[in-house]
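In what follows, a structure is listed as structure tokens, so that the remarks can point back to it.
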Amino acid sequence: MTTTRWSWKTALVVVGFAASTGAAQAQTVAERVGAAPDGKIRMTYAARPGVCGNGPNINTGRGDNADWEWECEPGPVRVVLTKSGGEVTRVHTYVGGGWRAASRVADLGTVSASEAAEYLTGLVRSGGDRASRDAVMPASIADSAVVWPALIDVARDANRPRRTRRVALQWVGMAAGDVVTDGQMVVDDADRETREQAVFAVSQLPKDEGVPLLIEVARSHRDPQVRRRALFWLGQSGDARAIDLFEELLRGR
């Protein structure tokens, strides 16, 4: 009987939260998350161009070619926050599809991508280990949001969890890769695979040997796709020299 009363009480809290969405429009996402009860909190927002998915399987670049098109929905981004003890402890991200009906979920509805990214980067900056790490990707794929300066700050912050810093660096590396390939002529020839394999081999060298070579490739190789690959492996390295290069490329210096 106690469980039944608790369930009805929880349901009324969630219904009351949903009914207040008109007034909530003036609140930030952080304020609305803070006002929601413990449990699951949903929000939906637009994905940036090139992002698509079929639920938890998310790609940041479509895999289409002249003969084949991958079935992949171009959004929206759907985020589920898990709140416990007043703190967000987990973040799950999906792209495309639709929400399942649920009786005990606080749904913020569709929010602006920039507001979602602002909230999520705040979570990357100050959330717990798991939540901050989980929040990097949904912040990075929000439409028209520029999150790399915040992610660079996190990657350099020795006080943040090590795994969060690594994930932040990986996504900054991908952003830098977008810069070097944007509008650049692709060198498409039979040696592309060989060059990319060579870049991978360099990435497996000890850092003092491999990182300087990868930086050289990322700065000056004639094929922008090879440069992008070098940036990807630099993003996996966790090396401070990679952070400096990413910032240089993203700031256009």
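Brief remarks follow.
- Only one of the listed residues (T121, T89) is among the polar types (S, T, N, Q), surrounded by 15 or more Cβ atoms within 10 Å (Cβ to Cβ) and more than 15 Å from the chain's Cα centre (by Cα). That residue is T89.
- Residue count for the range 91-128 under the criterion of being among the hydroxyl-bearing types (S, T, Y), touching a helix residue (DSSP H, G or I) at 6+ places or on another chain (Cβ under 8 Å) and touching a residue at least 12 places away in the same chain (Cβ under 8 Å): the result is 4.
- Any chance L169 is in contact with a Phe, Trp or Tyr (Cβ under 7 Å, 6 or more places away or on another chain), assigned to a helix (DSSP H, G or I) and over 30 Å from Q27 (Cα atoms): no
- Scanning the range 54-95 for residues that are touching a Cys at 6+ places or on another chain (Cβ under 7 Å) and modelled with pLDDT under 95 yields N54, N59, R62, C72, E73, P74.
- The range 209-253, residues that are among the aliphatic types (A, V, I, L, M), out of contact with any Gly (no Cβ under 8 Å at 6 or more places or on another chain) and closer than 24 Å to V154 by Cβ: V211, L214, I215, A218, A230, A240, I243, L245, L249, L250
The values are calculated or read from the model by the stated rules, or taken from the named source; none is laboratory data. Computed from a predicted model, the values in this text were never measured in an experiment. In this analysis, Cβ positions are derived from the backbone assuming ideal geometry, glycine residues included, and neighbour counts consider all displayed protein chains.
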